[in-house]
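Worksheet for the structure shown next.
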Amino acid sequence: MTSATCRVLFVCTGNICRSPMAEIVARQLRPPETSPYIFQSAGTASWHAGEPMDPRAATALAAKGYKPELHRAQHGDDLLLANNDLVLGLDRKHQQILNGRLERLGKHPAQLLRPFDPAHGGAVDIADPYYGDQEDFTESLELIERSVRGLVVSLDATYLT
């Protein structure tokens, strides 16, 4: 294993639904103690900063065997963005917001998480389940799981060879 560390930031709107689910899935697949990856999550907006994960997201994670960690939403401020190697938006709106900020910081553009899903079929967004029901959270988690698995394969090809 290489000694290089790759810092990955998942970003959604409020950091209480999609991005914390992606962070938890990624950390369980590649724990920081045994891999060169540091996974974090944040929101493009700050209105949920300090709040816990949406209980429906925690329920979806627990139902699939993940251990929802004690999560507190955080805003993806310039310092956090500047300190990550790879920034991944959960939809195109996030990517657009992030790219304006990343360009100003002299960083690489944000990518989207969904295209790492081998079965994405051209879809690039992971829909926000916030205004939906528990089933919407479960469906979002399934897309996130496949996408994060694909991301990890890509990261491993770069950092573990």
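Identify, from the list ALA4, ALA26, ALA22, ALA42, the residue that is surrounded by 24 or more Cβ atoms within 10 Å (Cβ to Cβ) and within 12 Å of LEU155 (Cα to Cα).
Working: ALA4 fails: surrounded by 24 or more Cβ atoms within 10 Å (Cβ to Cβ); ALA22 fails: within 12 Å of LEU155 (Cα to Cα); ALA42 fails: within 12 Å of LEU155 (Cα to Cα).
After ruling out the rest, the residue left standing is ALA26.
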Neighbours by Cβ (under 6 Å, 6+ apart or cross-chain): first from the stretch 30-48, more than 9 Å from GLN74 (Cβ to Cβ); second among the small types (Gly, Ala, Ser) and outside any loop (DSSP other than H, G, I, E, B): PHE39/ALA26
Scan of the stretch 129-161 for residues that are under 13 Å from the mean Cα position of the chain (by Cα) and either of a type in the set (Ser, Thr, Tyr) or not in a helix (DSSP H, G or I) (or both), ordered by number: SER140, SER147
Qualifying positions in the stretch 39-76 - at pLDDT below 95 and basic (Lys, Arg): LYS67
Per-region count, the stretch 89-127, residues farther than 19 Å from LEU151 by Cα and surrounded by fewer than 16 Cβ atoms within 10 Å (Cβ to Cβ): 7
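The values are calculated or read from the model by the stated rules, or taken from the named source; none is laboratory data. Everything quoted here is computed from the prediction, not taken from an experiment. Note: ideal-geometry Cβ built from the backbone for every residue, glycine included; neighbour counts use all protein chains shown.
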